[in-house]
Amino acid sequence: MSSNGNGKTLTKADIVDRIYEKIDMNRAEIKAHVETLLDLMKHSIKKDHNLLISGFGKFEAYDKKARKGRNPQTSETITLTPRKVVVFRLSRKFRSELNDQQ
Amino acid sequence: MNKSELIKKLAEKKELHVDEAAVIVNAFVDSIKDSLVSGDRVEIRGFGSFKVKDYQGYTGRNPKTGSLVDVPAKRLPFFRPGKELKDYLNK
């Protein structure tokens, strides 16, 4: 099985449709709420370095120190600046849901 | 922050009932999970994308005891932060 099986992609518009099936609200309102939700998520990842969504997983932001890198094409040495990166760690529950399906 | 705090924040900010905010947040998370479980990709502009990778099982060894262990096949999701999220974190 390839990693993206049938090649379908869920987009923001699909997510809005899914919420629309569950709540008495128009799509434009839902779209606006989803954008706000994403802003709140981003803000939380930045501010708390941590966003925990039970049954799904958590987003963790951590600092990468500056390090020396090399441009492989020109082999010139460059300094990579310190920066924040974000990783997703899945919850145990979601992990078993993903693997029970097989 | 956790999910219930996220629901509360969304309710406050958009003047929604907490129950409505909960329906939105839960449907949002469930739609992402369902897609990944069916092996689809998820792409949320401005935030990031998810995809599931399949790993084949193999026979490994417990490095401490040297005994053989069966590592079963597994599927794991990967998140790739979008440019907007990366820029926002570093700004």
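Does at least one position in segment B:34-47 carry a residue that is of a type in the set (Lys, Arg) and facing chain A (nearest Cβ under 8 Å)?
yes
Considering only segment A:46-67, how many residues are more than 7 Å from chain B (Cβ to nearest Cβ) and crowded, with 19+ Cβ neighbours inside 10 Å?
Count: 2.
Look at B:LYS14 and say whether it is at the interface with chain A (Cβ under 9 Å from one of its Cβ atoms), surrounded by 14 or more Cβ atoms within 10 Å (Cβ to Cβ) and over 23 Å from B:LYS83 (Cβ atoms).
Answer is yes for this residue.
In the list B:VAL42, B:VAL23, which residue meets the criterion of being closer than 22 Å to A:GLU97 by Cα and under 17 Å from the mean Cα position of the chain (by Cα)? Walk me through it before giving the result.
On the way: B:VAL23 fails: under 17 Å from the mean Cα position of the chain (by Cα).
Result of the check over B:VAL42, B:VAL23: B:VAL42.
Do you know which residues across segment A:73-101 are surrounded by fewer than 16 Cβ atoms within 10 Å (Cβ to Cβ) and in contact with a helix residue (DSSP H, G or I) (Cβ under 7 Å, 6 or more places away or on another chain)?
A:ARG83, A:GLN101
Pick out, from segment A:1-86, the strands (runs of 3 or more DSSP E) lying fully within it that include 2 or more residues that are in contact (Cβ under 8 Å) with a residue 12 or more places away in the chain.
Strands (runs of 3 or more DSSP E) meeting the threshold: A:57-64, A:67-70, A:77-80.
This table checks each residue for (1) farther than 25 Å from A:ALA28 by Cβ; (2) surrounded by 12 or more Cβ atoms within 10 Å (Cβ to Cβ).
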site	(1), (2)
B:ALA22	no, yes
B:ASP30	no, yes
B:ARG45	no, yes
B:TYR55	yes, yes
B:ARG61	yes, no
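Considering only segment A:73-80, I want to know if a residue exists there that is hydrophobic (A, V, I, L, M, F, W, C) and either closer than 17 Å to B:ALA22 by Cβ or more than 7 Å from chain B (Cβ to nearest Cβ) (or both).
Looking for residues that are hydrophobic (A, V, I, L, M, F, W, C) and either closer than 17 Å to B:ALA22 by Cβ or more than 7 Å from chain B (Cβ to nearest Cβ) (or both), one finds at least one in segment A:73-80, hence yes.
So B:LYS74 clears everything in (1) under 23 Å from A:ARG95 (Cα atoms); (2) without any contact (Cβ under 8 Å) to a residue 40 or more places away in the chain; (3) surrounded by 16 or more Cβ atoms within 10 Å (Cβ to Cβ); (4) in contact with a helix residue (DSSP H, G or I) (Cβ under 8 Å, 6 or more places away or on another chain) except one condition, right? Which one?
(3)
Would you mind finding the one in A:LEU52, A:LEU37, A:LEU80 that is closer than 20 Å to B:GLY48 by Cβ, among the aliphatic types (A, V, I, L, M) and touching a strand residue (DSSP E or B) at 6+ places or on another chain (Cβ under 9 Å)?
After ruling out the rest, the residue left standing is A:LEU52.
Give me a count of the residues in segment A:87-102 that are away from chain B (no Cβ under 12 Å) and not in a helix (DSSP H, G or I).
The total comes to 0.
Mind listing just one residue for me: the one in segment B:1-11 that is in contact with a helix residue (DSSP H, G or I) (Cβ under 8 Å, 6 or more places away or on another chain) and at the interface with another protein chain (Cβ under 7 Å from one of its Cβ atoms) and, of those, modelled with the lowest pLDDT?
Ranking the candidates gives B:MET1 first.
The values are calculated or read from the model by the stated rules, or taken from the named source; none is laboratory data. For clarity, every value in this text was computed on a predicted model and none was experimentally measured. Counting neighbours? That spans all protein chains shown, and the Cβs are built from the backbone with ideal geometry, glycine included.
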